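Okay, so here's the structure we're looking at.
The values are calculated or read from the model by the stated rules, or taken from the named source; none is laboratory data. Nothing here was measured: the structure is a model prediction, and the numbers come from that model. All Cβ positions, even for glycine, are placed from backbone atoms using ideal geometry, and neighbour counts span all protein chains on display.
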Amino acid sequence: MSEVLGLWNYWVVIVLMMIGLYIMIARDSLVKKVMGLNIFQVSVIMFYVSMGKVRGGTAPILPEGGAEGVLFSNPLPHVLMLTAIVVGIATTALALALVVRIKEAYGTIEEDEIHALAGGDGMDGRSAVQGEAE
Amino acid sequence: MNAHLLVLEVVVPLMAAPLCMLLPSKPAARMFSIAVAWITLYLAWSILGALGATEHGVIAYELGGFPPPFGIELRVDWANAYLLLLVSGIAAVVLMFGPGSAGAAVAEGRHAFFYTAVLLALAGLLGITVTGDAFNVFVFLEVSSLASYSLIGLGRGARAPMAAFSYLIMGTIGGTLFLLGVGLLYQMTGTLNMADLTTRLPDVLDTRTIVLALALLIVGVGIKLAVYPLHQWLPNAYSFAPSVVSAFLAATSTKVMYYVLVRIIFTIFGAAFVFETLHADYLLLPLSLIAMFGGSLAAIYQHDLKRLLAYSSVAQVGYMMLGLTLASATGLTAGLVHVFNHALMKGGLFLAVGCITAQVGSSAMGDLRGLGKRMPFTCAALVVGGLALIGVPSTVGFVSKWYLVQAALEQDLLSVAALILLSSLLAVVYVWRVVELCYFSEPDATQVEVTGRPPVREAPLGQLLPTWILIGSTIIFGLTTDLTVGTASKAAAQLMGVGP
C-alpha cells in the first residue's frame, strides 16, 4: 500500500498520461485529439514539477541574511517546464490552425468521415498531388 | 570569430528567420534565405576545419560564459561536425530550387513566411546537432518540428493539412516521451549535460529507472526517425508536402534524429550497456531488417512517385539502423556514411519529382509515361538517383552497402549480409518501374487530350541545377570517399571510445 501512497505523484502522472494517449487513439474528433495531446504533455510537466519538490524546502529565493541552514526546493525543473509549457502552447496553436484548414477542405473534423471522403488511407496519387504546379 | 563558430551556426539562422518575415517581396526573402543557408554551410565547413586542428577532435563552447554543467554547453566532435556540414549543405542547395516555394499553397504576398519557416527548421536542426545539453535537444527538436509541421501543411491539395496534423500528433508524442526520458535521467544523475551524464551514469546504470529512461528516449527519437514500426506518419507527410519541403526534410530531419539516437546510445549510455547488458539489438536488428524489406516491398506497389520515394526512405532508415545495431566501428561508419549518402540521393530525387510536378502537374506514376523524351535531364536524374538507391558501383549507394556488408561479415552474420544484398534487389524492382515508364512506354493519347495542357517541356535551369548538384554529388562521393568515409570513420572511432 505504501508503494501506491508514497509514490502518488507518479501515479497521477501515469494516469494522466494514459488518459491523454487513450483520447488521442480512441476519439475521432480532431479537436478532442488536440485536447488529449495537451493532457499527455501536462502529465510530463507535472512529473518535472513534482520532481523539483524537496520535503520541507522553501521557495528558492535568497533570504536576507544569507542562505545558511535554509532548505530550498530545486528550481531547475520548474524553469525547464516554463520552456515546455511554451512549446505546448505553440503546438496547440499550430494543431488548431491545421484543424481549421482541414475543416475548410472537408467540411468536417471527424477523422473517420475525413478518411471516407479522402478514399481511405490508401491513396489515389493523381487526385492528391494534382495542381501542384505553379 | 573563430571562437564563436559554434554559437554562430545556430544564432545566424535563428535571428535571420524573424528578419526574413519583414522582407517585402518573394525574391528578396528567397535570396536572403539562400544567403543565410550558404553562410551556415561556410560556418559548418570552418568548424570541420577547426576540428581537424584540435588534438582530441572536440570543440566546446560555454554559452554565456557559464561553465558546464551549470550553463548550456555547445559541444562538437566529428559526428556533429559531419552532420552540420550535411544539413547546412542540403539547405543551401535545396533553397536554390526555383521558383522557390514551388508547389506550396502560399497566398501571394505571404512567401516570406514560407522562408521564415524553412530558416526556423534549419536553425532547429543545426541546434540539435551542435548542443551538448540533453534538454536543449528537446527545445531545438520542437523548434524544427513545429516549423516542419507547418511546412508540410502548405502542400497543395486537401490532404496536406491532414498529413501535417497526423505528423504533429505523432511527433509531439515522440517529443514528449523524449522529455520524460530526459527527466528520468536528470532525476537519477542531477545533470543535463551530455558529457557529465556520461561520467555520472555508470553509478546508477543497474536501476530500473535508467532502463525506462533509455526505452523512452529510444522510442521518442524512433518516432521522429521513422524506425519501423513507428514510421506511419512518414509516407503521408512526404507525399503531400510541397516537393521542395519533402526534399529538405527527407534529407535532413530523419538524419539529424539518427545522430541523436547515436549520441544517446553510444555517448550517454555506452554501447556496452545498451547492446551487451540489455541486448537492445535483439529487438532493433529484426526491426531494421523488416524495415529494409517492408519499406521496399511497399514502395513497389505505390501509384505515386513521391509516395514510392517515401516508402523507400523507410527502407533506407532500416539500413542506417542496421549499421547502428551492429555496434562496431565499421557498422557505425556504415550507418553514418549512409546518412550522408542517402541525404544526397533522396534530396536529389525529391527535387527531380519537384521538376516533374512543376511541369506535368502531377507525380502519379501513370503520368511518367514517355517522359524520358520530353524531360531528358530530369529523367536522367531520376535514373542516376535510382541507381544510387540500388547501390550500383561508382554511386554513393555502393559505398554505404559495401561498408554495411563488411560490418556484417566482421561479426560472422552471413545471413544479414545476404539479406542486405537481397533487399537491394527489391530496390531494382521499384527503380525499374520508374525507368520503364519514363523510357519504354508511350504517353496515353487520351490523357494528353483530356488535360488540355500545353506540351510538357524540360524543367528550367533554376530547377535542374540544384537537382543535378545533389544527383551529381551522389556520383562524386561514390568515387572519392575521403570526405564522407574519412569523417564518418573518425566519428565512429570517437563514438566507440577508441579515440581518433
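Looking at B:HIS279 and the list (1) within 14 Å of chain A (Cβ to nearest Cβ); (2) without any contact (Cβ under 8 Å) to a residue 40 or more places away in the chain, which single condition is not satisfied?
B:HIS279 satisfies all of (1) within 14 Å of chain A (Cβ to nearest Cβ); (2) without any contact (Cβ under 8 Å) to a residue 40 or more places away in the chain except (1).
Report yes if some residue within the range A:57-72 is away from chain B (no Cβ under 13 Å), assigned to a loop (DSSP other than H, G, I, E, B) and either among the β-branched types (Val, Ile, Thr) or closer than 25 Å to B:ARG156 by Cβ (or both); otherwise report no. Steps first, answer last, please.
Narrowing the range A:57-72 to residues away from chain B (no Cβ under 13 Å): A:57-72.
Subsequent filtering for residues that are assigned to a loop (DSSP other than H, G, I, E, B) retains A:57, A:59-71.
Cutting the leftovers down to either among the β-branched types (Val, Ile, Thr) or closer than 25 Å to B:ARG156 by Cβ (or both) gives us A:61, A:70.
Looking for residues that are away from chain B (no Cβ under 13 Å), assigned to a loop (DSSP other than H, G, I, E, B) and either among the β-branched types (Val, Ile, Thr) or closer than 25 Å to B:ARG156 by Cβ (or both), one finds at least one in the range A:57-72, hence yes.
What are the pairs with Cβ atoms under 6 angstrom where one residue, in the range B:297-312, is within 10 Å of another protein chain (Cβ to nearest Cβ) and the other, located anywhere, is of a type in the set (Gly, Ala, Ser) and part of a loop (DSSP other than H, G, I, E, B)? Sequence gap at least six, or different chains.
Going by the 6 Å Cβ cut-off, the qualifying pairs are B:ASP304/B:SER363; B:LEU305/B:SER363; B:LYS306/B:SER363.
For the subset of the range B:411-439 comprising residues that are more than 27 Å from the chain's Cα centre (by Cα) and in contact (Cβ under 8 Å) with a residue 40 or more places away in the chain, which member is farthest from B:ILE290 (Cα to Cα)? Let's see the steps before the verdict.
In the first step, residues of the range B:411-439 are kept if they are more than 27 Å from the chain's Cα centre (by Cα); the result is B:411-415, B:436-439.
Checking the rest, the ones that are also in contact (Cβ under 8 Å) with a residue 40 or more places away in the chain come to B:411, B:413, B:437-439.
Numbers: B:GLN411: 20, B:LEU413: 16, B:LEU437: 28, B:CYS438: 30, B:TYR439: 32 Å.
Top of the filtered list is B:TYR439.
Residues are listed down the side, and each one gets a yes or a no for (1) touching a Gly at 6+ places or on another chain (Cβ under 6 Å); (2) aromatic (Phe, Trp, Tyr):
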site	(1), (2)
B:ALA250	no, no
B:PHE266	no, yes
B:GLN302	no, no
B:VAL314	yes, no
B:MET321	no, no
B:ALA329	no, no
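In the range A:43-63, is there at least one residue being surrounded by 15 or more Cβ atoms within 10 Å (Cβ to Cβ) and more than 25 Å from B:LEU185 (Cβ to Cβ)?
Looking through the range A:43-63, none of the residues is surrounded by 15 or more Cβ atoms within 10 Å (Cβ to Cβ) and more than 25 Å from B:LEU185 (Cβ to Cβ).
Is it fair to say A:ILE19 is modelled with pLDDT of 95 or more and either within 28 Å of B:ALA213 (Cα to Cα) or assigned to a helix (DSSP H, G or I) (or both)?
On the way: modelled with pLDDT of 95 or more: yes; either within 28 Å of B:ALA213 (Cα to Cα) or assigned to a helix (DSSP H, G or I) (or both): yes.
Yes; evaluated as a whole, the condition is true for this residue.
Of the residues B:SER239, B:SER243, which single one is in contact with a strand residue (DSSP E or B) (Cβ under 7 Å, 6 or more places away or on another chain), under 25 Å from B:ALA92 (Cα atoms) and within 14 Å of another protein chain (Cβ to nearest Cβ)? Outline the logic, then answer.
Working: B:SER243 fails: in contact with a strand residue (DSSP E or B) (Cβ under 7 Å, 6 or more places away or on another chain).
Going through B:SER239, B:SER243 in turn, just one is in contact with a strand residue (DSSP E or B) (Cβ under 7 Å, 6 or more places away or on another chain), under 25 Å from B:ALA92 (Cα atoms) and within 14 Å of another protein chain (Cβ to nearest Cβ): B:SER239.
Kindly check whether there is at least one residue in the range A:66-78 that is on the phi > 0 side of the Ramachandran plot and modelled with pLDDT under 90.
Quick first cut of the range A:66-78, residues on the phi > 0 side of the Ramachandran plot only: A:66, A:69.
Still in the running and modelled with pLDDT under 90: A:66, A:69.
So far as the range A:66-78 goes, yes, one or more of its residues are on the phi > 0 side of the Ramachandran plot and modelled with pLDDT under 90.
Which ranges mark the helices (runs of 4 or more DSSP H) fully within the range B:180-260 that have 3 or more residues being in contact with a Lys or Arg (Cβ under 9 Å, 6 or more places away or on another chain) and touching a residue at least 60 places away in the same chain (Cβ under 8 Å)? Give the steps one after another, and end with the answer.
Working: elements: B:194-200, B:208-225, B:233-240.
Because the criterion is at least 3 residues that are in contact with a Lys or Arg (Cβ under 9 Å, 6 or more places away or on another chain) and touching a residue at least 60 places away in the same chain (Cβ under 8 Å), the helices (runs of 4 or more DSSP H) in the range B:180-260 that meet it are B:233-240.
Out of everything in the range B:345-380 that is within 17 Å of B:PRO443 (Cα to Cα) and among the charged types (D, E, K, R), what residue ends up being surrounded by the most Cβ atoms within 10 Å (Cβ to Cβ)?
Looking only at the range B:345-380, we keep the residues that are within 17 Å of B:PRO443 (Cα to Cα), and these are B:356-357, B:359-376, B:378-379.
Checking which are among the charged types (D, E, K, R) leaves us with B:367, B:369, B:373-374.
Details: B:ASP367: 25, B:ARG369: 18, B:LYS373: 12, B:ARG374: 16.
Step by step, filter the range B:345-380, then rank; the result is B:ASP367.
Which members of the range B:1-37 meet the condition of being more than 29 Å from B:ILE59 (Cα to Cα) and not in a helix (DSSP H, G or I)?
Correct list: B:LEU22, B:LEU23, B:PRO24, B:SER25.
Output the number of residues of the range B:60-75 satisfying the condition of being touching a residue at least 12 places away in the same chain (Cβ under 8 Å) and in contact with a helix residue (DSSP H, G or I) (Cβ under 6 Å, 6 or more places away or on another chain).
Qualifying residue count for the region: 4.
Which numbered condition in (1) modelled with pLDDT of 90 or more; (2) surrounded by fewer than 20 Cβ atoms within 10 Å (Cβ to Cβ) is the only one that B:LEU205 fails?
It fails just one condition, (1).
Which of the following residues is in contact (Cβ under 8 Å) with a residue 12 or more places away in the chain and farther than 25 Å from B:ASN136 by Cα: A:LEU37, A:LEU71? Reasoning before the result, please.
Details: A:LEU37 fails: farther than 25 Å from B:ASN136 by Cα.
From the options A:LEU37, A:LEU71, the qualifying one is A:LEU71.
Can you pull out the residues in the range B:130-153 that are within 7 Å of another protein chain (Cβ to nearest Cβ) and part of a helix (DSSP H, G or I)? Don't jump to the end; show me each part of the working.
Our first condition is that a residue be within 7 Å of another protein chain (Cβ to nearest Cβ); within the range B:130-153, this holds for B:135, B:139, B:142, B:146, B:149-150, B:153.
The answer is B:PHE135, B:VAL139, B:GLU142, B:LEU146, B:TYR149, B:SER150.
Can you name every residue in the range B:154-177 that is more than 8 Å from every other protein chain (Cβ to nearest Cβ) and aliphatic (A, V, I, L, M)?
Of everything in the range B:154-177, those that are more than 8 Å from every other protein chain (Cβ to nearest Cβ) and aliphatic (A, V, I, L, M) turn out to be B:LEU154, B:ALA160, B:ALA163, B:MET170, B:LEU177.
Out of all the residues in the range A:94-134, which are in a loop (DSSP other than H, G, I, E, B), loosely packed, with under 14 Cβ neighbours inside 10 Å and at pLDDT 50 or above?
A:GLY107, A:GLY119, A:GLY120, listed by residue number.
For the range B:456-471, how many residues meet the condition of being in contact (Cβ under 8 Å) with a residue 24 or more places away in the chain and either assigned to a helix (DSSP H, G or I) or farther than 11 Å from B:THR378 by Cα (or both)? Don't jump to the end; show me each part of the working.
Taking the range B:456-471 and keeping what is in contact (Cβ under 8 Å) with a residue 24 or more places away in the chain, we get B:456-460, B:462-471.
Now restrict to residues that are either assigned to a helix (DSSP H, G or I) or farther than 11 Å from B:THR378 by Cα (or both): B:456, B:462-471.
Number satisfying all stated conditions: 11.
Name every residue in the range B:9-29 that is surrounded by fewer than 23 Cβ atoms within 10 Å (Cβ to Cβ) and modelled with pLDDT under 90, in order of residue number.
B:MET21, B:LEU22, B:LEU23, B:PRO24, B:SER25, B:LYS26, B:PRO27, B:ALA28
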